[in-house]
Amino acid sequence: MKKRVCENLNFDWRCSCMIKKIVAFILVALVVLCAVPLAYAESEAGATVLDENTFSELWMDFFTASFEVYDLNTAVKTYPSVVFGYDSNGVPYANGKKYYYINYGDRDLSACYATALEKYQKVLTPELAQRMVEDLHVPGGPDVELIRRGSDGNWYRLFLVRPGGVLPSDVKSIHVDGNRARVDARLRVDVIDLEDVGRNDYPYDKGLRFDFTVDLVYTDDGWRMSGGDVFDYIRDYAYTSPETGDENGVRAAWLGAAAVLAAAIPAVMLTVSRRKKKYIDI
């Protein structure tokens, strides 16, 4: 009798242990099954989080990286500028345009393209990063080189256009759709300013503020800017700029005189002075 009772107790104990294991297994399975969609949802939510601060940080990284190839001679030390009416191969620019370059002398700028590309790839898609380090295309003539080396051995960087800075408050709206987004913002583009060149005989820079759009895509490395009309504006500025092809008025007279001198020497050397930057809202 005692043996049978013990056997029953052992059986009940084994059943109880088995039930506990089954219940524990079911609970673990439920936790895992619930956690997977939750983690996925959190991942998806993280992918779509894009606020004003995130965008402004991305843009400011783009802004600082641009100093490698887009130049307005705004460093503490200023350099003399020159005017070229032709590319480094001697081919005249389209429509008789002339472009200012900053003369860095024997300071080697050959690594600037690669450095800019490396920095750009941290904030731009590969396609846009590559586009931003290419020379500026102007229909009907040679590309306007961002960086060139003269026959005199000196290195020159284009003095024309550069993206400006941004504040979170400049962002007007952000639209996110999955892993893609569009930002509407009041952005600044800094450009050469020849408005007073007839009086001062040297170029300055000014800031232009427009309403621009920026497209973004979410990647494995986070948000990257992929396009937008602000990039088109910068890339097209060698073609659209009113500061390089004006053949009327004082500016044209000054550039014409520079062209005469350029026929005798490779470039016209100018001393650049600094003044308070002008900001123009458009």
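The values are calculated or read from the model by the stated rules, or taken from the named source; none is laboratory data. Nothing here was measured: the structure is a model prediction, and the numbers come from that model. Note that we place each Cβ from the backbone using ideal geometry, even for glycine, and neighbour counts take in every protein chain shown.
Things worth noting here:
- Here the stretch 115-129 is the region considered, the condition is being in contact with a helix residue (DSSP H, G or I) (Cβ under 7 Å, 6 or more places away or on another chain) and assigned to a helix (DSSP H, G or I), and the residue that is surrounded by the fewest Cβ atoms within 10 Å (Cβ to Cβ) is Thr115.
- When the stretch 162-187 is filtered for residues that are surrounded by fewer than 21 Cβ atoms within 10 Å (Cβ to Cβ) and basic (Lys, Arg), the ones remaining, listed by number, are Lys172, Arg180, Arg182, Arg186.
- Test: residue in the stretch 145-156 that is out of contact with any Gly (no Cβ under 6 Å at 6 or more places or on another chain), over 30 Å from Thr54 (Cβ atoms), outside any loop (DSSP other than H, G, I, E, B) and free of Cβ contacts under 8 Å to residues at least 60 places away in the same chain: yes
- First in the stretch 176-195 and farther than 28 Å from Asp71 by Cβ, second anywhere and modelled with pLDDT under 95 and of a type in the set (S, T, N, Q), Cβ under 6 Å, 6 or more apart: Val176/Thr48
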